[in-house]
2 protein chains.
Amino acid sequence: MTGIGDDAAVLRIPPGHEMLVTTDFSIENVHFRREWHSPQVVGWRCLTRGLSDIAAMGGEPQAAFLSLAVGEDVPQRWVDGFVGGLLDLSRKFKVPLAGGDTAQSVAGIQADIVVVGSVPRGKAVLRSGAEAGESIYVTGDLGGSAAALARLFGGQPVSRKQVRHFRPMARVAVGRWLRTGGVASAMIDVSDGLSTDLEHICSESGVGAEIEAESIPRGPGNTAQSRVELKYALHGGDDYELLFTSSGAVPSKIAGVPVTRIGQTTKKPGMVLINSKGKARKLKAEGWQHFGG
Amino acid sequence: MTGIGDDAAVLRIPPGHEMLVTTDFSIENVHFRREWHSPQVVGWRCLTRGLSDIAAMGGEPQAAFLSLAVGEDVPQRWVDGFVGGLLDLSRKFKVPLAGGDTAQSVAGIQADIVVVGSVPRGKAVLRSGAEAGESIYVTGDLGGSAAALARLFGGQPVSRKQVRHFRPMARVAVGRWLRTGGVASAMIDVSDGLSTDLEHICSESGVGAEIEAESIPRGPGNTAQSRVELKYALHGGDDYELLFTSSGAVPSKIAGVPVTRIGQTTKKPGMVLINSKGKARKLKAEGWQHFGG
């Protein structure tokens, strides 16, 4: 690979593979706040967004590119910490930072992360592959990131257990396993919130969904035994878990990550939430809005 | 190609080819001003930056990705115009806009363009391939964009002849020709200014350069017969011409674009400018700084 230093980076994609490309902005006071998030955390979260998109296609991340604009109000120390946090994660996933762009901004921090990946030809797991009558699964647990954010907003302390918010981990190994086994028919990462991301699968696949509220794995709350409120698990973003559909057998753990069945796809369009008493109500896409909104 | 609408875009790269990736920011009040540049012009220039990087590798642009953040102070009409200008150029080069990201910004406009290209394996033209004793060439003419910018800064009218500033054209066909013929030993696009971009070739290739001031093709000035001042041709950015070295025969026109020999590489490091009387002075990299600087 010819990396930083030429007009463009040169990458080799394995023979018989297609390439995947995803881009994601991380903007100060929209996606993060300097008073809440250390530069290392912002860099880590920035790269996670891209890796998670590649994971959701069942792909192999190959290289990352960072475009970073900072204003004069941003000390070099902050930039160093940001790049350090991003490189920590890039080493963990063996995804080199292969290029990008730097620019002066009028004020604040704007980062755009590009992750390039590969997948065997025709094997990318799309959002559009679900059929009616399949089971719906989610990895890990949901809502932890949004619950932590709500506490930050409220000026409350946030437990270190909420690593989901500060150091989320893209489910690359799970995505790869689901793709190689042909297990997942459709997949997306939970970046905007379960309700919104499930809605994407439903509309792209032309199916509906029934979700059992009690089955949704909820992230840890702020005390040892507590769990986050259902609303965060339903609508909270930035957990970077995988949401997928399957008609086959799915183990309860993949690549060390718990996998939970939370419902099924239906022929009837629309999304329905079923409570512990079996009562159904309409589930609307109310995914987390970036907190600048 | 699976484009906008999934977690990542899926692209096919021709067999036996490597992929090229480049990213470039276009930031309001740094790279453009809304009072000087129409949204169509900003969109066109944004994509040109990426296409020109691919051209400078001798590559074939395959797809573009746009990450666009806009503040509430930016009307939807502006965004539509911007995307319209970008799509005008994308159609001209048959490079589809295949994905990207949109976000709210705190204020103003931040656009990051990613262009993905391809090149036969091992054939990308790098900055590092020049050897001493080769000729140095530039396509088209230089300085037109910076001269227009200087007039905008001075509140003076800018001639429509300065299309170089408003509608620059990436030299993709020239770059392809130079690569397929094995003609260019090293290449870069003139985006930061001749002196700065030549310095990149020199330092990456481990050579020096002698440039004949009189040979540098200067862009049209603001009257019919005039030419821009030498300083703009030497240090002005955003012309998006190609600067390359070659030890072989180079035609005076490639793909309809004039090509001019402006000097030669030397064993002795450093850059030298020779005037019409044969007098030499040191040439420093003083490339154009973005005008927010």
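The values are calculated or read from the model by the stated rules, or taken from the named source; none is laboratory data. Since we're looking at a predicted model, the values are computed, not measured. Neighbour counts are summed over all protein chains in view; Cβ atoms, including those assigned to glycine, are modelled from backbone coordinates with ideal geometry.
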Worksheet item: In region A:154-171, is there at least one residue being more than 24 Å from A:Ala224 (Cα to Cα) and out of contact with any Lys or Arg (no Cβ under 8 Å at 6 or more places or on another chain)?
Response: yes
Practice prompt. Filter region B:38-69 down to the residues that are among the polar types (S, T, N, Q) and assigned to a helix (DSSP H, G or I), then identify the one that is farthest from the other protein chains (Cβ to nearest Cβ).
Written response: B:Gln40
Worksheet item: In the set A:Ser159, A:Ser226, A:Ser215, which member is more than 23 Å from A:Ser90 (Cβ to Cβ), surrounded by fewer than 24 Cβ atoms within 10 Å (Cβ to Cβ) and at pLDDT 95 or above?
Response: A:Ser215
Item to complete: Being hydrophobic (A, V, I, L, M, F, W, C) and touching a Ser or Thr at 6+ places or on another chain (Cβ under 8 Å) is the filter here, so list the residues in region B:197-242 that pass it.
Response: B:Ile201, B:Cys202, B:Val207, B:Ala209, B:Ala213, B:Ile216, B:Leu234, B:Leu242
Worksheet item: Taking the condition within 15 Å of A:Leu242 (Cα to Cα), touching a residue at least 12 places away in the same chain (Cβ under 8 Å) and of a type in the set (Ser, Thr, Tyr), does A:Ser185 pass?
Response: yes
Worksheet entry | Entirely in region A:124-223, the helices (runs of 4 or more DSSP H) that have 3 or more residues that are under 16 Å from A:Met271 (Cα atoms) | A:194-205
Worksheet item: So, in region A:192-232, of the ones that are of a type in the set (Val, Ile, Thr) and out of contact with any Lys or Arg (no Cβ under 6 Å at 6 or more places or on another chain), which residue ends up farthest from A:Lys284 (Cα to Cα)?
Response: A:Thr223
Discussion item. Within region B:40-57, does at least one residue satisfy the condition of being surrounded by fewer than 23 Cβ atoms within 10 Å (Cβ to Cβ), more than 30 Å from B:His17 (Cβ to Cβ) and in contact (Cβ under 8 Å) with a residue 24 or more places away in the chain?
Written reply: yes
Response to the item:
Within region B:64-122, residues in contact with a helix residue (DSSP H, G or I) (Cβ under 6 Å, 6 or more places away or on another chain) and over 16 Å from B:Gly43 (Cβ atoms) come out as B:Gly117
Discussion item. Being crowded, with 23+ Cβ neighbours inside 10 Å and either within 14 Å of chain B (Cβ to nearest Cβ) or within 16 Å of A:Tyr240 (Cβ to Cβ) (or both): is that true of A:Val114 here?
Written reply: yes
Practice prompt. Filter region A:1-37 for residues that are assigned to a loop (DSSP other than H, G, I, E, B), more than 8 Å from chain B (Cβ to nearest Cβ) and either under 26 Å from the mean Cα position of the chain (by Cα) or at pLDDT 90 or above (or both) and give the result.
Written response: A:Pro14, A:Gly16, A:Arg33, A:Arg34, A:Glu35, A:Trp36, A:His37
Item to complete: Identify the residue in region B:232-248 that is in a helix (DSSP H, G or I) and in contact with a strand residue (DSSP E or B) (Cβ under 8 Å, 6 or more places away or on another chain) and, among all such residues, is surrounded by the fewest Cβ atoms within 10 Å (Cβ to Cβ).
Response: B:Leu234
Worksheet item: Across region B:12-23, what is the total count of residues that are of a type outside the set (S, T, N, Q) and either crowded, with 24+ Cβ neighbours inside 10 Å or without any contact (Cβ under 8 Å) to a residue 24 or more places away in the chain (or both)?
Response: 5
Practice prompt. Please work out which residue is surrounded by the most Cβ atoms within 10 Å (Cβ to Cβ), limiting yourself to region A:249-288 and to residues that are in a loop (DSSP other than H, G, I, E, B) and aliphatic (A, V, I, L, M).
Written response: A:Leu283
Worksheet item: Within the bounds of region B:76-93, is there any residue that is within 11 Å of another protein chain (Cβ to nearest Cβ) and either surrounded by fewer than 24 Cβ atoms within 10 Å (Cβ to Cβ) or at pLDDT 95 or above (or both)?
Response: no
Worksheet entry | Test for B:Ser203: is it among the hydroxyl-bearing types (Ser, Thr, Tyr), without any contact (Cβ under 8 Å) to a residue 40 or more places away in the chain and under 26 Å from B:Thr22 (Cα atoms) | yes
Worksheet entry | Candidate set from region A:124-142 (those that are under 25 Å from A:Val21 (Cα atoms) and either free of Cβ contacts under 8 Å to residues at least 24 places away in the same chain or touching a helix residue (DSSP H, G or I) at 6+ places or on another chain (Cβ under 6 Å) (or both)); member that is nearest to the other protein chains (Cβ to nearest Cβ) | A:Arg127
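Yes/no per residue for (1) in contact with a Pro (Cβ under 6 Å, 6 or more places away or on another chain); (2) within 20 Å of A:Gly143 (Cα to Cα); (3) away from every other protein chain (no Cβ under 14 Å):
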position	(1), (2), (3)
A:Val207	no, no, yes
A:Glu241	no, yes, no
A:Met271	no, yes, yes
A:Asn275	no, yes, yes
Discussion item. Please determine whether any residue of region A:97-110 is in contact (Cβ under 8 Å) with a residue 40 or more places away in the chain, part of a loop (DSSP other than H, G, I, E, B), touching a Lys or Arg at 6+ places or on another chain (Cβ under 8 Å) and at the interface with chain B (Cβ under 7 Å from one of its Cβ atoms).
Written reply: no
